[in-house]
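All of the numbers you see were taken from the coordinates with simple rules; none came from a lab. Since we're looking at a predicted model, the values are computed, not measured. All Cβ positions, glycine included, derive from the backbone under ideal geometry; neighbour counts span all protein chains shown.
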Amino acid sequence: MHPSNKKVVIGLIGIATLIFILKLIWLPTSETQSHLKSKLLLQYEVKKTINQQTEIQLPIPYSTQENRVISQSLNYNGWRIVKRNDKDSEERGITFKAIDDKPGIIQLEYFFSHQNQSIYSPKALLPDKYEKFTALSVSEQNRMLKFKDFLDKYRSQGSKPTLDITEFLTAYQKYWGKFPAYKTLKNKTCADWLNVHKNLKIALRSIGIPARLVCGIGVDIQGKSYKRGWLQIHHEGYWKPLDLWPEHNIKLFALSKDNLDYITLKNGSNLLESIQFDEVQYESDGTFNFEKLYNLHLLPLEMQSLLKTLLTLPFAILIIAYLKTIFRIEAYGNLTPALLGFALAFNELLVSLTIMFLLFIPTIFVRKIVSNKNKIVEHTVTLTFLILTLILIITIADMMDWLENPVDALLPVVILALLIDKYFINLKKQGVHQSNIKMLNTLFLSFIVIVVLQFSIVGDWLLAHPELHFVTIALAILLCKPYDKKEDTLPEHKIE
């Protein structure tokens, strides 16, 4: 290593170490979870209405120990509110009446906090409430007699005076059979979900555990929201959700209790419902927060997702640089495989790869047809063909509902156009064989970038400690060769 490079490398590693130590010892770091909240947007549109007679009752979400309603907003052009009931009853909700022949969309936006739940102190159920939520009909009691005998034997085999809820569910499934698969219920109505839970509700009540059915909104592990039902049980002074498929869900928002649905429509038909869930970050006040300069976890979640990918990209480029140096891999440039890998990894990988494959081969064929000394002609035809083919693919994908966001396909196509242009420039200089090898190497390095960018643990670590990229720069400098002026000097030509 050149002596000057050695000093720079040591200096960069020293700076990274110093900042890291300061953040651990001196600079304060806040808990980011306290800034999280959820936004639930419900939209309703009645396609066929009867003027001044159409009514729709929509839900008011319940505040629970896990999800507390902290703010709300309504938008209801063409409607008026005729009733609002916040009490815990079957009539709970907001009732709208149409005032136009074609009223607009009703929007209900609710924000939930998931912190500071200590304001809810545990409370025992009053006798009348306990009796209500443990009540069973005579037929239900008779149906549970054999199950209770089985439960007593199951409990005695384990030598436990009581069973916790997990053990109870295990015993329940041994007697009544396993619960239905989650995927069979995912797109069903609240009524379908609640029918699955009715017998379990009766079984819980039969052993003195207060239980009730709930209809609301579930959010799965992919962040997608949908209607569903579940059970709530009163345990340790709180009403708590009893989710039979907890591995598939991250949040449950209760909208109605002991009802099959949370919507009532009168004198109307063809009701369309849209549910949108987002997890956002917010500031508790509007003051300037200096900590954001060194704690990127305080930035909005959608920005964090982008930053994690961007911060991991230099790490991936460093790996490419070492691979190219050690194994002498020839590719189309240094940044091209990195940018192509970034473009593919940042979007839905399978869709991006499919679009790239469908565009790549025919575009190369078209480029060969229009091979011309006039570069403007080549570039114009290539770009036009790419755009037209891309539009066709996106249109078909949208019709088949393959793409959530068609714009995601644009970035890979831009990088692909640059790659095709480099391929044809090299084709004229080094021939077909060498050009194809470089193309394969470029794609190979791009896939390495994709793999590296998928390591979320690397992105999370760099998001918490971006100063570690001083080490990345230091490792890159280790590959630098001393600059030799003789190598860069052009031979002098004698003028005759």
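May I ask for the distance between the Cα centers of segment 61-76 and segment 357-398, given as a whole number of Å? Taking the Cα centre of segment 357-398 as reference, the centre of segment 61-76 is 51 Å away.
With the simple model of a label 7 Å out from the Cα in the direction of the Cβ, I275 to F365 spans 4.6 nm. Pairwise Cα distances in the chain exceed 44 Å in 41 percent of cases.
Convex hull volume of the Cα atoms in segment 149-223, per residue, in Å³? Walk me through the intermediate numbers first.
Values: hull volume 8.7 nm³, N = 75.
Hull volume normalised by residue count: 115 Å³.
Arrange the peptides 105-113, 308-316 so that the one whose residues have, on average, the most other Cβ atoms within 10 Å appears first. Could you put the intermediate results ahead of the total?
Working: 105-113: 18.0, 308-316: 19.8.
In decreasing order of mean packing, 105-113, 308-316 become 308-316, 105-113.
Extension gain for the segment D100 to K146, taken as residue separation times 0.36 nm less the Cα-Cα distance, is 10.8 nm to one decimal.
Applying 1/(1 + (r/R0)^6) with r as the Cβ-Cβ distance of M400 and T17 and R0 = 56 angstrom yields a FRET efficiency of 0.60. By definition, a body whose alpha carbon gyration tensor gives a ≥ b ≥ c is prolate when a/c is 1.5 or more and a/b is larger than b/c, and segment 122-250 fits this prolate description. Inter-label distance, T170 to K186: 2.8 nm, where each label sits 7 Å from its Cα along the C-beta direction.
Given the -39500 (n - 2.57) contribution per DSSP H run of 4+ residues, what per-residue ellipticity at 222 nm results for the chain, rounded to the nearest 500 deg cm²/dmol?
After summing the helix terms and dividing by residue count, I get -15500 deg cm²/dmol.
Cβ under 13 Å from L468's Cβ, L468 left aside: what net charge do those residues give with Lys, Arg +1 and Asp, Glu -1? Neighbourhood net charge equals -1.
Between L310 and K87, the simple label model (points 7 Å from Cα in the Cβ direction) yields a spacing of 5.4 nm. Each residue of segment 294-480 gets 134 Å³ once the volume of the Cα convex hull is shared out per residue.
Over the chain, Cα pairs under 8 Å with separation of 6+ residues give a relative contact order of 19 percent.
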